[in-house]
Amino acid sequence: MKRVIVILFLSIIFNGIQAHNPDEAIIREVNSWNGRGVRAFSSFFSTTGEVFALAVPTGMVVYALCDDNEELFDKSISVVTGMAATIILSYGLKYVIDRKRPYNELPYIIKRDSPGSPSFPSTHAAMAFSLATSLSLEYPRWYVIAPTMIWASCVGFSRIHQGVHYPSDVLGGMVLGAGTACLTYYLNKSWNKKKAKSKVSPLVEFAYQ
């Protein structure tokens, strides 16, 4: 296994030197993997990028409302607002930057999906890392952080393998999603503190001063 990793790493570096463009070298290498297993893996995670990213926050909100769970509702609102901001910013950047998809620029790329928007950033990666980051912040346990981050990374890999995103598109989506999730988490936390403080009686608040 170690030999395979070393050979792959050296291959990517060699191709990068030849192409003078690591972005193109990596997508060329990853996109060329055409085994049945890797294609099934890639297709599955590419699909879950949007499905899980929308289903999980929605499920949290519905469960919180049905269970009358105020704490879970506050957490779900943080996740939902992070996801909404991620989607809006992602599509906004796509049409401002207007980067062409790799299969439109590189003749050797195998197109395994049919997206309709520009390339940068990857919205799938942005949504996946937004969800993974939000859940990791709300539930800072290894059994939440590790699976969600691995899943988000697999989504990012799948978009490169599908031939629809450059690695830099995925990296941009990762930074955007994680950054937006962090921002909304801390804003929501600050808001909840102010909300809790406003519920305290002025006499109680004076007593603690």
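The values are calculated or read from the model by the stated rules, or taken from the named source; none is laboratory data. Nothing here was measured: the structure is a model prediction, and the numbers come from that model. In this analysis, Cβ positions are derived from the backbone assuming ideal geometry, glycine residues included, and neighbour counts consider all displayed protein chains. Ligands, DNA and RNA are stripped out before the accessible areas are found, and what is left, the full protein with its side chains, is counted by its heavy atoms. Shrake-Rupley method; radii C 1.70, N 1.55, O 1.52, S 1.80 Å.
If Tyr95 satisfies all but one of (1) crowded, with 18+ Cβ neighbours inside 10 Å; (2) out of contact with any Asp or Glu (no Cβ under 8 Å at 6 or more places or on another chain); (3) among the aromatic types (Phe, Trp, Tyr), what's the number of the condition it fails? The number of the failed condition is (1). Taken over the stretch 133-155, the criterion of being open to solvent by less than 20 Å² (accessible area, probe 1.4 Å) and out of contact with any Gly (no Cβ under 7 Å at 6 or more places or on another chain) is satisfied by Ser136, Ala152.
Each row is one residue, and each column tells you yes or no for (1) out of contact with any Phe, Trp or Tyr (no Cβ under 7 Å at 6 or more places or on another chain); (2) farther than 17 Å from His161 by Cβ; (3) of a type in the set (A, V, I, L, M, F, W, C); (4) open to solvent by less than 60 Å² (accessible area, probe 1.4 Å).
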{"site": "Phe44", "(1), (2), (3), (4)": "yes, no, yes, no"}
{"site": "Gly49", "(1), (2), (3), (4)": "yes, no, no, yes"}
{"site": "Met60", "(1), (2), (3), (4)": "yes, yes, yes, yes"}
{"site": "Asn69", "(1), (2), (3), (4)": "yes, yes, no, yes"}
{"site": "Ile87", "(1), (2), (3), (4)": "yes, yes, yes, yes"}
{"site": "Ser114", "(1), (2), (3), (4)": "yes, no, no, no"}
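Listed conditions (1) among the hydrophobic types (A, V, I, L, M, F, W, C); (2) at pLDDT 90 or above; (3) part of a helix (DSSP H, G or I) are all met by Trp33, apart from (3).
Take the residues of the stretch 71-82 that are under 20 Å from Val155 (Cα atoms) and aliphatic (A, V, I, L, M): which is surrounded by the most Cβ atoms within 10 Å (Cβ to Cβ)? Explain how you work it out, then say what you get.
The initial filter retains those residues of the stretch 71-82 that are under 20 Å from Val155 (Cα atoms), namely 79-80, 82.
Right, trim to aliphatic (A, V, I, L, M) and you get 79-80.
Numbers: Val79: 26, Val80: 19.
Ranking the candidates gives Val79 first.
Can you find a residue that is free of Cβ contacts under 8 Å to residues at least 12 places away in the same chain, open to solvent by 30 Å² or more (accessible area, probe 1.4 Å) and of a type outside the set (A, V, I, L, M, F, W, C) anywhere in the stretch 158-175? No - not one qualifying residue is present in the stretch 158-175.
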